[in-house]
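Okay, so here's the structure we're looking at.
Throughout, read-outs are computed from the coordinates displayed, never taken from laboratory work. Worth saying up front: this structure is predicted, and the values here are computed from it rather than measured.
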């Protein structure tokens, strides 16, 4: 069992590739720097679970899979495809579908727990 009440202070977040190098992210403002940790799966596998953190900035993000996010700390504002603004902070949860595009504005360094599932991926995560 993964208990994120216990894991929230576990650390272990490592730098992820710069956003400007990722084809599904377009930086709009600032220099947001992100890091993360996979507890299940990893880049390119069907199911990924872990934690992610990002410093303030703004970027367009095209979701590579269906994703459930739980904000652990910080504050963000998201603009969805319909132009609707959503603001989230610690304890808030939201879901996005694969291919959905959102504009992220990280207002305060954010940390989230995520579960991403890509039903079209060739690789099955057989870890846990």
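Please give the calculated 222 nm ellipticity per residue for the chain, where each DSSP H segment of at least 4 residues contributes -39500 (n - 2.57) and the sum is spread over every residue; nearest 500 deg cm²/dmol?
Mean residue ellipticity at 222 nm (helix-derived): -500 deg cm²/dmol.
What per residue convex hull volume, in Å³, do the alpha-carbon atoms of the chain yield?
102 Å³
How big is the gap, in Å, between the Cα center of the stretch 81-107 and the Cα center of the stretch 50-75?
Computed from Cα coordinates, the inter-centre distance equals 8 Å.
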